[in-house]
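Data first, discussion second: the structure below is written as structure tokens.
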Amino acid sequence: MLPKSNLTITMVHLLSLIAFALSVPPLYGLPGARAGGTAHPDSTIHLEDLILLVRAQNPTLHAAELQAESMSFREQQASALPYPTFGVSYQPLPIHTARGTQRSQWRIEQAIPFPGKTGLRGDVARLTATRAYSDAERVQLDLVLDLESSYSQAYHLQEELGLMDEFAADLDRFKEAAAVEYELGRGHQQAVLRAQLERTSLEIRSIRLQTDLRSALERLALLTNDLGLPSRAARLAPPSLLTDSDASDPLDVVLQRRPDVQSLETTRTLADARQRLAGKESLPDFAVHVAYFDIAAKAPPTGADGRDALAVGASVRIPLWGGERKGRRGEAQLEMKRAESELEALRSAVETEIRDLRQQVAGETRRIELLQGTLIPQAETTLEATLAGYTNGNVGFLDLLDAERMLFELRSEENSARRRLNVSMARLRHAAAAQ
């Protein structure tokens, strides 16, 4: 049995230790706060900066943009006249004329398509390039959405690890307090073991979250083409939420600015141009040529016998049959119908997606309001009451541990709800093509 003075000192030490453990201000309410001190401002990474890096450095986006840019040169190629044809014919058995013997024939020819053909071919090439630019813009929006989702995951994983560090520190203090109580004979070994079990379970959970965080940071590095980013990501700034006005435009306005809708509309216009071009293919093309006959300046021989002449030359195949034209026209008609069907399906999908995402945003917002306004304050009040009861000896240690864990779980749920809200808002902005 300890002397009365030593027992008093021990009890005062114990109560001070518990009060200190519960009076530490939570890091959760501080944006970007981390266990182990505040990071240097220069090490803070912002979502806006990473979005700029994606647009400037992502090789997939760069390849899509280069493809669209290269296709923009096709209009100039498609609308140009065909190359002129130059030919030479030589008669090994000469043809005799009144002025002399014909030795060779020199010919230059220029094909001229039926009026309107070259213009339609240029339109087809231009519309193909326009569709490629829309596809590149869609790639950019998809990459930005991927970045925002990965960033939100990484940020809230860091926040979760910060909450776990706080809870782990409290568990260490509680375990020490339970050990003191057990040594004084007023506590149970079960309390010490329960605190140790809770601490070990938290460590296992922390290892999993750290692995997920590393994966999220590696994904950010891949999207930004900055492989050194994970080693520099000491602190992620909170992602800014959208306002209601960012994705509240009418559906028709949303559809007009979505690049996938623009691509399908271009496909429909492109199919119409191809159909009209196929109809033009049944019309004849023209050609103009100039030929020069080289005649030797001497009289024909007196003994000419009128034998056959032999010439070496070239010929051009004229497309007279309509099978190819009919095939092109039929293909273009079906392509137009396909684009119209996809536009209709996409319109329904976008409307449904936006409506669903708005419901998700409203649900997560309501959940956060309940957590912040009701559940977390109630858990804090419960913890204070439990601490007071534990101090007076009316409440057991396990009840105190459960109250602390409940507060941690509610704060963790609020952090998860904010992550889901951020992701839903990012997807809503992507669905509405809001910049």
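Key figures for this structure:
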| quantity | calculated |
| --- | --- |
| Under the Karplus curve 6.51 cos²θ - 1.76 cosθ + 1.60, θ = phi - 60°, whole-Hz ³J(HN,Hα) for region 260-268, x wherever Gly or Pro sits | 5, 5, 4, 5, 5, 5, 5, 4, 5 |
| Derived scalar couplings ³J(HN,Hα) [region 85-91; Karplus, 6.51 cos²θ - 1.76 cosθ + 1.60; whole Hz; x for Gly, Pro] | 10, 10, x, 10, 10, 10, 9 |
| Local electrostatic count, A278, Cβ distance below 12 Å [Lys/Arg +1, Asp/Glu -1] | +4 |
| Among 160-169, 222-231, 261-270, the order from most to least packed when residues are scored by Cβ within 10 Å on average | 261-270, 160-169, 222-231 |
| Protection proxy ranking of 126-132, 153-159 - average other beta-carbon atoms within 10 Å, highest first | 153-159, 126-132 |
| Aspartates and glutamates whose Cα lies under 12 Å from that of K117, excluding same-chain neighbours fewer than 8 positions away | E281, D285 |
| Amide hydrogen neighbours beyond the local backbone of R103, cut-off 5 Å, H modeled | D294, I295, A296 |
| Charge context of M71, other residues only, Cβ under 15 angstrom, K/R +1, D/E -1 | -2 |
| Karplus 3J(HN,Hα) series, Hz, for region 402-418 with 6.51 cos²θ - 1.76 cosθ + 1.60 (x for Gly, Pro) | 5, 5, 5, 5, 4, 5, 4, 5, 5, 5, 5, 5, 5, 4, 5, 5, 5 |
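A short reminder: the numbers here are calculations on the coordinates, not readings from a lab. Please read all numbers here as calculations on a predicted model, not as lab measurements. With ideal geometry, Cβ positions are generated from the backbone for all residues, glycine too; neighbour counts draw on all protein chains shown.
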